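> Encoded as structure tokens, here's the structure I'll be asking about.
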Amino acid sequence: MAGKRSAGLLVYRRAAGGVEVLLGHMGGPLWERRDARAWSVPKGEYVPPEEARDAARREFEEELGMPPPAGRYLPLGEARQPSGKVVTVWAVEGDLDPRHIVPGTFEMEWPRGSGVTGSFPEIDRVAWFPPDEARERLVAGQQVFLDRLAERLTERLAGEG
């Protein structure tokens, strides 16, 4: 049986100080008090034959409650996470206002073993970060996508020059 797969969108914008990326803080009681390594590219699981890029767009809208930015999607490839899951990410330029997110929710028993089921946001907040700050907050297995984005943007600028 094939392993789990996720797909996501790394939205970036050009700001006065350089490029910034949009990350989501993982929701639920397990993450609420954490900041370092508790942020993620908006993403979610999919099962083929759904195409990864279609899943990335669908998951972005489900998790943030707004459509993904239109524009050119830059493939950032795949990365195997410590859990074994393979994540595929695209970058797309956009400028979204974090105040307008309406996160999707999930249900889980909390506290564990209590028999009480609660509803929690998949992503409890989103924010823009410069790459160095994003690296400190992003889960370790997704940091490679920041490097790949920087490479892609350098390639695009070289191609325009």
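The values are calculated or read from the model by the stated rules, or taken from the named source; none is laboratory data. Just so you know, these numbers come straight off a predicted model, no measurement behind them. As a convention, Cβ positions derive from the backbone with ideal geometry for all residues, glycine included, and neighbour counts pool all protein chains shown. For the accessible areas, the whole protein counts, side chains as well, though only heavy atoms, and no ligand, DNA or RNA atoms are used. Shrake-Rupley method; radii C 1.70, N 1.55, O 1.52, S 1.80 Å.
> Only one of 48, 103 is modelled with pLDDT under 95 and touching a helix residue (DSSP H, G or I) at 6+ places or on another chain (Cβ under 9 Å); which?
103
> Restricting the search to region 27-42, which residues are open to solvent by 40 Å² or more (accessible area, probe 1.4 Å) and either assigned to a strand (DSSP E or B) or aliphatic (A, V, I, L, M) (or both)? Before you say what the answer is, go through the steps one by one.
Taking region 27-42 and keeping what is open to solvent by 40 Å² or more (accessible area, probe 1.4 Å), we get 30-37.
Correct list: 30, 36.
> Same structure, new question: Scan region 145-157 and give yes if some residue there is of a type in the set (A, V, I, L, M, F, W, C), on the phi < 0 side of the Ramachandran plot and open to solvent by 40 Å² or more (accessible area, probe 1.4 Å), otherwise no.
Here is the first cut: in region 145-157, the ones of a type in the set (A, V, I, L, M, F, W, C) are 145-146, 149-150, 153, 157.
Still in the list and also on the phi < 0 side of the Ramachandran plot: 145-146, 149-150, 153, 157.
Next, from what is left, pick out any that are open to solvent by 40 Å² or more (accessible area, probe 1.4 Å): 150, 157.
The answer is yes; a qualifying residue exists.
> Related question: Could you look through region 106-135, keep only residues that are of a type outside the set (Asp, Glu) and buried (at least 17 other Cβ atoms within 10 Å of the Cβ), and pick out the one that is farthest from residue 18 (Cα to Cα)?
120
> Could you identify the single residue in 106, 145 that is among the aromatic types (Phe, Trp, Tyr), out of contact with any Pro (no Cβ under 7 Å at 6 or more places or on another chain) and part of a helix (DSSP H, G or I)?
145
> Still on this model: Being open to solvent by 40 Å² or more (accessible area, probe 1.4 Å) and part of a strand (DSSP E or B) is the filter here, so list the residues in region 44-68 that pass it.
Within region 44-68, just 45 meets the criteria.
> Could you please find all residues in region 69-81 being open to solvent by 20 Å² or more (accessible area, probe 1.4 Å) and among the aliphatic types (A, V, I, L, M)? Working first, answer last.
First, pick out the residues of region 69-81 that are open to solvent by 20 Å² or more (accessible area, probe 1.4 Å): 70-73, 75, 77-78, 80-81.
Result: 70, single match.
> Being of a type in the set (D, E, K, R) and in a loop (DSSP other than H, G, I, E, B) is the requirement here; does residue 112 meet it?
In short, yes.
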